[in-house]
Amino acid sequence: ESLEQGLSKTKESVFKKLSRAVVGKSKVDDEVLDNLEEVLITSDVGVDTTLKIIRRIEERVDRDKYLGVDELNGILKEEIAALLEENNTEDVADFDLPQRTEPYVIMVVGVNGVGKTTTIGKLAWNFKQAGKKVVLGAADTFRAAAIDQLQIWAERVDVPIVRQNMGSDPASVAYDTLTSAKASGADVVIIDTAGRLHNKINLMNELAKIKKVMQKVVPDAPNEVLLILDGSTGQNAFEQAKQFTLATEVTALALTKLDGTAKGGVVIGISDQFKVPVKYIGIGEKMEDLQIFRRKEFVDSLFS
Ligand code: GDP
C-alpha cells in the first residue's frame, strides 16, 4: 500500500471534521479554534499536543490579525510538521545501518497483539533487501505461539532464527542469538521479547537482564530498543508508551496498523509527548507494508 492509501481513513476523518469545524465561517476566530481543538483531540492527537498546536495557531492569529479558514489546512500542516521536526531526530533515509564490525542489535519490545512479530518480519525483509545479513532471536519464550509465529516469518523472509523451547530463559536465547550472529558475520540481529506489562518490575528486570547478557557478546548492545505500538488503539498506545519508557530506555518507535484506522493522529501526539523518534509505520500486513516514517511525507499525506 502507498502511504496515501495507508493513511486514507485518518485523512478522510480529519478532513470531514475540519470541514465541519469551519462551516459558515470565513475567518479563524475563537469558535473555530474551539472546534479545531475538538477535531484534534477526537483524532487522537492527545490533549497536551493538541493544546500546543492550538496555542501556536492562536499566536499566528494574534500576529497576523486575520486568518481565513481556507488557510487553516495549510497552517495546520505547517505547525504539525514543525512540531514533528522539533521532537524527532532526523528521518532515517532508508533501511541502512551504521557501518560496524559487530552486528547491530535491535531489541524489540511491546505488548502482545500490537504487531510485534509482523514488524520484526517486515524489518528482516527490508534489511535483507538492503543487502544485510539478518538473524532473528525468539526471546519471547513466554508463549509458544510467539516462537512459532517468528519462525514462520523467518522462513518467509528466509533468514536464520535462533530459538529455544517455550519457557526457557529469554536472556539465554538472546545470548545464543548474538553469539551465532557474530560467528556468522551477521550485520543485524533482531530480538523479540515478551510483552507483559502487568508487572512493571518484572518487565524492567527482564529487559535489564537481557541487555546485560547481550553485552557479554556485543558490548554496546542493544543499539536500538524499538517499541512497537498499535496505532489503531489510540489512547492505549499512549499508555503503553508511558509504561515502556518508564521500564527501559526506548530509542525508537514503530506505529502499526495505521491502515485500518482513523486514529493516525496518534503518531503526532506520541512523538511529541515521549520525545522518542517514530522510525517506522505499519500500513498493512504484508512484508512491503512497513515504511520508514518521514515527517514531511506523513504530514503531506494527511493534509494534501
Ligand atoms: P504480536 O502479538 O504483537 O506479535 O502481533 P502480530 O505481529 O502477530 O500481529 C497481530 C495482527 O496484526 C496480525 O494479524 C497481523 O497481520 C496484524 N498486523 C500487524 N501489523 C499490521 C499493520 O501494519 N496493518 C494491518 N492491517 N495489520 C497488521
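Every number in this text was worked out from the coordinates using simple rules, so none of it is lab data. Note that the structure is predicted; figures quoted are calculated from it, not measured. All Cβ positions, glycine included, derive from the backbone under ideal geometry; neighbour counts span all protein chains shown.
Observations, loosely collected:
- Residues satisfying the criterion are absent from the range 240-258 (criterion: in contact with a strand residue (DSSP E or B) (Cβ under 6 Å, 6 or more places away or on another chain), in a helix (DSSP H, G or I) and more than 16 Å from the ligand (Cβ to nearest atom)).
- Taking residues in the range 235-259 that are over 28 Å from K9 (Cα atoms), and partners anywhere that are more than 13 Å from the ligand (Cβ to nearest atom) and in a strand (DSSP E or B), the pairs with Cβ atoms closer than 7 Å and at least 6 places apart or on different chains are T248/V225; E249/V225; V250/V225; T251/E224; T251/V225.
- Within the range 109-158, the set of residues being of a type in the set (K, R), part of a loop (DSSP other than H, G, I, E, B) and in contact with a strand residue (DSSP E or B) (Cβ under 9 Å, 6 or more places away or on another chain) comprises K132, K133.
- Odd one out for P222 among (1) more than 13 Å from the ligand (Cβ to nearest atom); (2) surrounded by fewer than 21 Cβ atoms within 10 Å (Cβ to Cβ): (2)
- Evaluation of I106 against (1) away from the ligand (no atom under 16 Å from the Cβ); (2) part of a strand (DSSP E or B); (3) among the β-branched types (V, I, T) (one fails), failing number: (1)
- Here the range 261-293 is the region considered, the condition is being under 20 Å from L123 (Cβ atoms) and assigned to a helix (DSSP H, G or I), and the residue that is farthest from the ligand (Cβ to nearest atom) is S271.
- Residues of the range 109-145 that are within 16 Å of the ligand (Cβ to nearest atom) and of a type in the set (V, I, T): V109, V111, V114, T117, T118, T119, I120, T141.
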